[in-house]
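Okay, structure first, notes after.
The values are calculated or read from the model by the stated rules, or taken from the named source; none is laboratory data. Just so you know, these numbers come straight off a predicted model, no measurement behind them. For neighbour counting, all protein chains shown are included, and Cβ atoms are generated from backbone atoms with ideal geometry for every residue, glycine included. Keep in mind that these areas ignore ligands, DNA and RNA; they rest on the heavy atoms of the full protein, side chains included. Shrake-Rupley method; radii C 1.70, N 1.55, O 1.52, S 1.80 Å.
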Amino acid sequence: MRKTQLNENNIKQVVSLVYEEKKEFYDELFGSNAQKYIKKAFDMDVPPFIKRNCIVLESDGDVKGVLLYATKAEFRHGYQRWFNVLGFKIVPVGSKMIYIIQRLLMDFAIDDLYIVSLAGELKEWLLYKYIKSSRYRKIIVDALDSDIFARFNFTEERPVHPKLRRFSKFCDYENMGGIGWDTHPLVEGRKLIIGGVEIDSNLGLQGHSDADVLSHAIIDSLVGVTLKSDIGSIFPENDENRGRSSVEMLDIVVRTINKSGFFPSSVDCVIISPIRLKNYRKDISQKLEDILRCPVSVKFKSGNDVYPESQMKGITAICVSNVDKIS
């Protein structure tokens, strides 16, 4: 997963997501050629479709999320360039121009930030990053769908257009901390999976799933502080979860808590293991960071012949997670 800006490789997908988010609104403005006009506006940096203000989240060439924003200064300058976007085939051009500008020129104050578009399967994470980077400034958004903004505690205001609903909130969040701990016994005949990475070992961990002790500790650290729950309640020992990938379960947890406005900001882990794991540190951290979308540190301890792990009895993982909650 990587965060980038609008470019020639992703513009087609971005335009499609931006259009679909407010399809009814853009169809009213531009008719059947709405996507063509949005793309042309992006190409020419016509407000509010300004390329540098378009945050794009990509994975393997696919656009997973788009957030387009504007300040008041950017929102209100350069509208004369809409003549170049619309062309002169529209009759009368003047009245059509006024019609479009009146509906794009949303009303907000000089210190406010405006979200023009928020779309894609990872829009919750993009909104969180935007709120965190714009703390204590008011965000305004006009949308067709209220679901995500209700979940993020936005307040509904008087709408500026009959097809849109207006929401706003001051950009603030609180930090929370969670702790997780898990232990599994070492046995023969099982793969050893730590943090989603297969370890070269004659012994593996016994458990109902793949027994990834590190992923289990992280899951408990997250669901305890966010959902007031634990891994056993969410993923019980049934047929569905037998042999299940623990990083798959972690991914489900992250997406679930994101939808409720919780986002991991850092994860710090300690693993007590008689099997040397230091050569896997980079792979483990990267695998987990791809899922959690935050920094992950992993430290390895042997137990120094004090803890049972030193006697090849098992592996223990302890995790402390910092989680931001949009408030």
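Please work out, to two decimal places, the log10 of the ratio I(q)/I(0) at q = 0.12, 0.18, 0.19 Å⁻¹ from a Debye calculation in which every Cα of segment 192-327 carries one identical scatterer.
-0.45, -1.00, -1.10
Put +1 on the Cβ of every Lys and Arg and -1 on every Asp and Glu Cβ in the chain; which of ALA73, VAL15, CYS269 then has its Cα farthest towards the positive end of the dipole?
Result: ALA73, furthest along the dipole toward the positive end.
If you count the DSSP beta bridges with both ends in segment 108-168, what percent of them are antiparallel, to the nearest 5?
70 percent
Only Lys, Arg, Asp and Glu count, each charged at its Cβ (+1, +1, -1, -1), so figure out the dipole size of the chain about its Cα centre, rounded to 20 debye.
Details: 46 positive and 44 negative charges, 279 e Å.
Using only the charged Cβ atoms, the result is roughly 1340 debye.
For segment 272-327, what is the charge dipole size about the Cα centre, in debye to the nearest 20, if Lys and Arg each add +1 at the Cβ and Asp and Glu each add -1 at the Cβ?
That gives segment 272-327 a dipole magnitude of about 100 debye.
Over all pairs of distinct alpha carbons, what does the Kirkwood formula give as the hydrodynamic radius of the chain, in Å?
With all distinct Cα pairs of the chain included, I get 22.2 Å.
To the nearest 20 Debye, how big is the dipole of segment 1-83 about its Cα centre, given +1 on the beta carbon of each Lys and Arg and -1 on that of each Asp and Glu?
That gives segment 1-83 a dipole magnitude of about 300 debye.
Taking the Cα centroid of segment 158-189 and of segment 5-68, what is the distance between the two, rounded to the nearest whole Å?
26 Å
Which is farthest toward the positive dipole end of the chain among SER59, GLY196, PRO308, measuring Cα position about the Cα centre, with Cβ charges +1 (Lys, Arg) and -1 (Asp, Glu)?
Of the listed residues, the answer is SER59.
With the radius of gyration and the Kirkwood radius both derived from the Cα set of segment 142-216, what is their ratio Rg to Rh?
Working: Rg = 23.5 Å, Rh = 16.7 Å.
The Rg/Rh ratio comes out at 1.40.
Could you sort THR71, THR183, THR226 by accessible area so the largest value comes first, with the probe set to 1.4 Å?
The ranking, largest first, comes out as THR183, THR71, THR226.
Positive end of the dipole of segment 111-242, charges at C-beta (+1 Lys, Arg; -1 Asp, Glu), about the Cα centre: which of PRO159, ILE115, GLY180 has its Cα farthest in that direction?
PRO159
What fraction of the DSSP beta bridges in the chain is antiparallel, stated in percent and rounded to the nearest 5?
So the antiparallel bridges in the chain amount to around 85 percent.
Starting from the 7 Å offset along Cα-to-Cβ, what nm value, one decimal, do you get for the label separation of GLU237 and SER59?
Reported label-point gap for GLU237 and SER59 is 3.1 nm.
Alpha carbon centre of segment 123-149 versus segment 261-327: separation in Å?
Segment 123-149 and segment 261-327 have Cα centres spaced 31 Å from each other.
Using only Cα atoms, tell me the angle between helix 34-43 and the longest principal axis of the chain; keep it within 0 to 90° and round to the nearest 10.
Tilt of helix 34-43: around 80 degrees.
Of all DSSP beta bridges located in segment 244-327, what percent are antiparallel, nearest 5?
Taking every DSSP beta bridge with both residues in segment 244-327, the antiparallel ones total about 60 percent.
May I ask you to work out the translational diffusion coefficient for segment 258-327 at 37 °C, viscosity 0.692 mPa s, via Stokes-Einstein with Rh from the Kirkwood sum over Cα pairs, reported in whole µm²/s?
Calculated translational D: 245 µm²/s.
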